[in-house]
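The values are calculated or read from the model by the stated rules, or taken from the named source; none is laboratory data. Every value quoted in this text rests on a predicted model; they were computed, and no experiment measured them. A quick note on method: Cβ atoms are made from the backbone with ideal geometry, for glycine too, and the neighbour counts reach across all protein chains shown.
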Amino acid sequence: MAFKPSQLRKWKEQQRVITMLTAWDYGIARLLDRAGVEMILVGDSLGMVALGYNHTLPVTLDEMLHHTAAVCRGVENALVVCDLPFLTYQESLSQAIHSAGRVLKETGAQAVKIEGGYPLMIETIERLTTLGIPVMGHVGLTPQAVHQMGYKQQGKTEAEAERIVQEAIAVAEAGAFALVLEHIPAAVAAQITQKIPIPTIGIGAGPDCDGQVLVTADLLGLSPKIPPFAKQYVDLQAIIEQATQEFMEEVRSRRFP
């Protein structure tokens, strides 16, 4: 039976550490689900790892729907969350409702994730959750704002840290069921984790969050460039290249088939 967004707050109360990884197709999602990961994020990071873009901004809603539906076909237990891509929820409440509604209606995902904690996003989270659409928040480094903030760590000054803390509190009060904290100082993440009742999921935010997420392509060694706060657990790129070379050698030497 699939996990539900409403379960996560109880997991935080029980101090159950939460794991989340990204997926972009049926095969990867099936393996992650079989391994027992609690949440699978169909992140717009698939723009880089699956579609070859330099950042997340070109990813379209139709592309996210296509990949999320494939992921959901491979999942039996994990909670599947879909990123709403750039400019599919920021223009208006009606746009956000339409985009999020399409995700739930057309893919099988149980929740959406949106970036930012500024007033419009708070209003958006409130409206979506009122309509029965579970929302995961995301503050700190928000990749859809790459041209404004780059990929550098956020919250390093006292003023920046306080802004992120207040955004996190507002996101939780607006009704989000969980909150991603990306690339912020560990002390700031720990403070947020203590202040809000919903689980925090860290990525480059230290060890004190309620859970952790990685881009699976980084974990598997399939990304062209791995962020400094990520960890590569295996180098599948080298394994795949070696297997491909062995195949070509056997074909050319007529040892295969």
ASP210 fails exactly one of (1) within 30 Å of GLN7 (Cβ to Cβ); (2) surrounded by fewer than 16 Cβ atoms within 10 Å (Cβ to Cβ), namely (2)
Selection from the stretch 118-136 of residues part of a helix (DSSP H, G or I) and surrounded by 13 or more Cβ atoms within 10 Å (Cβ to Cβ) yields LEU120, MET121, ILE122, GLU123, THR124, ILE125, GLU126, ARG127, LEU128, THR129
Those residues of the stretch 4-51 that are surrounded by fewer than 22 Cβ atoms within 10 Å (Cβ to Cβ), among the hydroxyl-bearing types (Ser, Thr, Tyr) and under 18 Å from LYS231 (Cα atoms) come to a total of 1
If we keep only residues of the stretch 137-185 that are modelled with pLDDT of 95 or more and surrounded by fewer than 15 Cβ atoms within 10 Å (Cβ to Cβ), then the residue nearest to GLY47 (Cα to Cα) is LYS156
Practice task
Answer yes if at least one residue in the stretch 71-83 is over 20 Å from ALA2 (Cα atoms) and either at pLDDT below 95 or touching a Ser or Thr at 6+ places or on another chain (Cβ under 9 Å) (or both), and no otherwise.
Solution key: no
Per the list (1) under 19 Å from LEU41 (Cα atoms); (2) not in a strand (DSSP E or B), residue check on VAL81 breaks on (2)
For the stretch 85-100, pairs from a residue that is of a type in the set (A, V, I, L, M) to a residue that is buried (at least 17 other Cβ atoms within 10 Å of the Cβ) and in a helix (DSSP H, G or I), with Cβ under 6 Å and 6 or more apart or across chains, are LEU93/ARG127; ALA96/THR124; ALA100/LEU128
Only one of ALA243, ALA217 is at pLDDT 95 or above, exposed (fewer than 12 other Cβ atoms within 10 Å of the Cβ) and assigned to a helix (DSSP H, G or I), namely ALA243
Picked from the stretch 48-70 (must be in contact with a strand residue (DSSP E or B) (Cβ under 7 Å, 6 or more places away or on another chain) and not hydroxyl-bearing (Ser, Thr, Tyr)), the residue nearest to ALA2 (Cα to Cα) is HIS67
Being outside any helix (DSSP H, G or I), closer than 19 Å to VAL215 by Cβ and of a type in the set (D, E, K, R): is that true of GLU115 here? yes
When every residue in the stretch 186-206 that is in a helix (DSSP H, G or I) and either out of contact with any Ser or Thr (no Cβ under 7 Å at 6 or more places or on another chain) or in contact (Cβ under 8 Å) with a residue 60 or more places away in the chain (or both) is compared, the one surrounded by the fewest Cβ atoms within 10 Å (Cβ to Cβ) is GLN194
Among residues of the stretch 52-62 being in contact with a helix residue (DSSP H, G or I) (Cβ under 8 Å, 6 or more places away or on another chain) and farther than 21 Å from VAL180 by Cα, the residue surrounded by the fewest Cβ atoms within 10 Å (Cβ to Cβ) is ASN54
When restricted to GLU162, GLU182, GLU158, the only residue among the charged types (D, E, K, R) and either under 26 Å from GLY27 (Cβ atoms) or touching a residue at least 40 places away in the same chain (Cβ under 8 Å) (or both) is GLU182
Within the stretch 71-88, of all residues that are out of contact with any strand residue (DSSP E or B) (no Cβ under 8 Å at 6 or more places or on another chain) and crowded, with 20+ Cβ neighbours inside 10 Å, the one farthest from THR130 (Cα to Cα) is GLY74
- [ ] Could you please let me know if THR193 is on the phi < 0 side of the Ramachandran plot, under 21 Å from the mean Cα position of the chain (by Cα) and among the β-branched types (Val, Ile, Thr)?
- [x] yes
